[in-house]
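Comments concern the structure below.
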Amino acid sequence: MASEFDPSEFVDRDFESARRTPAGAPVATAIAGDAQRAPTREELESRVGDMQNKLSELKRAQQELERERADLEETRRRQAEFAKGRQEMEQHLTRGIGLLEEAEFAARRDAEQMAKTLIDLREALLKVQSLDESAWTRDNLNVELTRALTAIENARMEWNSARLKFAVLNDEHAPEVVAPGAANPTPLESALQQRSYAELCKLGLALTWPMAVVGLGLLLALLLRH
């Protein structure tokens, strides 16, 4: 008698298992396994080298930025120095030009005035030198004297005017003017002038010894107190 038909005998278990599992499942499982595993020594050394290279590049970039910053700072400093120096020199030069122009104008005016004074003094000198009293006669004596005195007075006026204008004409070695009171000394001054040096010393000692005694007493009091 034939056995009963069993359908499970003709079913491929591996084929059914592969058919039920998605196609990408083994690959995903492999990738997940690679991500979870620890890195090897070679991988760590490679990553360390990459990091070192990046750090070196960053240091070079930092140094380059530092050089650029230093160049910009130097340029800014020079620009500020230029602006300050330009303003300072414009002020100095403008003021100097103004002062020199004023001094030049004053010097030119003084030179012109001096030239005119020289002409007047030369003319006055010629007039004074032209006075010849040997040509005077008894008849024209008074007229010639009046004319000569007038010429001398005019020359004196020119001279005094020139001395007021130009200090170089003033005689530094002129005798000092004595004060009115100095011409007549007082009786006390006359008495002192008549005494000798020794007598003046004795007189000074007689006038100052009380003050010397008082000072010596104060000094002794201070020494005794200490």
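Each value in this text was obtained by applying a stated rule to the coordinates, not by laboratory testing. Just so you know, these numbers come straight off a predicted model, no measurement behind them. All Cβ positions, glycine included, derive from the backbone under ideal geometry; neighbour counts span all protein chains shown.
Annotations for the structure displayed:
- The one condition in (1) surrounded by 10 or more Cβ atoms within 10 Å (Cβ to Cβ); (2) farther than 21 Å from TRP159 by Cβ that GLU123 fails to fulfil: (2)
- Flag not set for ALA83, criterion: part of a loop (DSSP other than H, G, I, E, B) and farther than 30 Å from LEU164 by Cβ.
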